[in-house]
Amino acid sequence: SSGINAEYGGGAHSGHTYNTAEVERVEHSWEEAEGYEECEEFLIDPDTQHFDENSLNELGNRAEQDHFRKHPKPKPIEEICGKYQCPMYQKVESSGCGFEERIILRANWTTTKVDLESPNGYREAYFRLHGYRSGAKNDRGEAMDMAVPVIKKWWLDEDFNVLGATMSFYIPAAFQSDPPASTDDLVRVEEWDEAVTYTRAFGGNREDPEHLKQFDLLKTALAKENLTPYPYMRMTAGFTRPGYGRQRREVILVDNDSM
């Protein structure tokens, strides 16, 4: 059984800057950090088929030695959205393991295509969106506060080859009802409808092969609950700046009925 527990983003303190010298006073469990209970079978090292009970410890470094938890523990999303503006969402409480289900509420985003042929395609896309956010490339010249996450989407064909990619920034709450128009032809303002999403979180600033495994684990976890994601789009969300304090990244699949 599942029910909706409202956990809204967007309640950030405007203009807050993260202090890298800030001392983290709370040690979170893996479940608190990730936002869901991990599936026990995902904690088995496939090389040894050995289940390490230490990997289930609430706290402690030994948990980080687990096969799928070699990366740093992610920063809890509630902490991040207490410092920066985040999209409004509702967390759906589920009896499943290995993922978090959310309803992302309707909102405006800025989006640009990523040139996958360019070695700097993602960097170029980021700075186009930054131009809009800084005021240099919107029709009112208005600068906006930083908001998270940065969303990347990859569109796939029936053989799961990448057809194209986009990058998007969330537009802060002060501009949601009437966002400025983009003056860059490559950047557009989009209204995204409410959608049901499924996520897995991890720490570090990574897009290596192991991060791609997270999509496979997510699909496995959803199949156990008879949930069907849309197969031809993958998303990632980056909540923290690379190399800047504790990290949080998520892999995301969208429910088939939301497409």
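The values are calculated or read from the model by the stated rules, or taken from the named source; none is laboratory data. None of these values were measured; they are calculated from a predicted model. In this analysis, Cβ positions are derived from the backbone assuming ideal geometry, glycine residues included, and neighbour counts consider all displayed protein chains. Accessible surface areas use protein heavy atoms only, side chains included; no ligands, DNA or RNA. Shrake-Rupley method; radii C 1.70, N 1.55, O 1.52, S 1.80 Å.
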Residue list for region 103-131, filter: open to solvent by 10 Å² or more (accessible area, probe 1.4 Å), part of a strand (DSSP E or B) and not hydrophobic (A, V, I, L, M, F, W, C): Asn108, Lys113
Consider Ala143 carefully, then state whether it is of a type in the set (A, V, I, L, M, F, W, C), touching a Ser or Thr at 6+ places or on another chain (Cβ under 7 Å) and without any contact (Cβ under 8 Å) to a residue 12 or more places away in the chain. yes
Suppose we filter region 152-211 for residues that are out of contact with any Phe, Trp or Tyr (no Cβ under 7 Å at 6 or more places or on another chain) and assigned to a strand (DSSP E or B); how many remain? 12
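Tally time: how many residues in region 213-238 are among the aliphatic types (A, V, I, L, M) and open to solvent by less than 10 Å² (accessible area, probe 1.4 Å)? Talk me through it step by step, then tell me what you get.
Quick first cut of region 213-238, residues among the aliphatic types (A, V, I, L, M) only: 217-218, 221-223, 227, 233, 235, 237.
Right, trim to open to solvent by less than 10 Å² (accessible area, probe 1.4 Å) and you get 218, 221-222, 233, 237.
Looking only at that region, the number is 5.
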Selection count where residues are under 26 Å from Gly204 (Cβ atoms) and not hydrophobic (A, V, I, L, M, F, W, C), scope region 214-244: 13
When residues of region 146-181 are limited to those that are in contact with a Ser or Thr (Cβ under 8 Å, 6 or more places away or on another chain) and among the hydroxyl-bearing types (Ser, Thr, Tyr), the one surrounded by the most Cβ atoms within 10 Å (Cβ to Cβ): Ser168
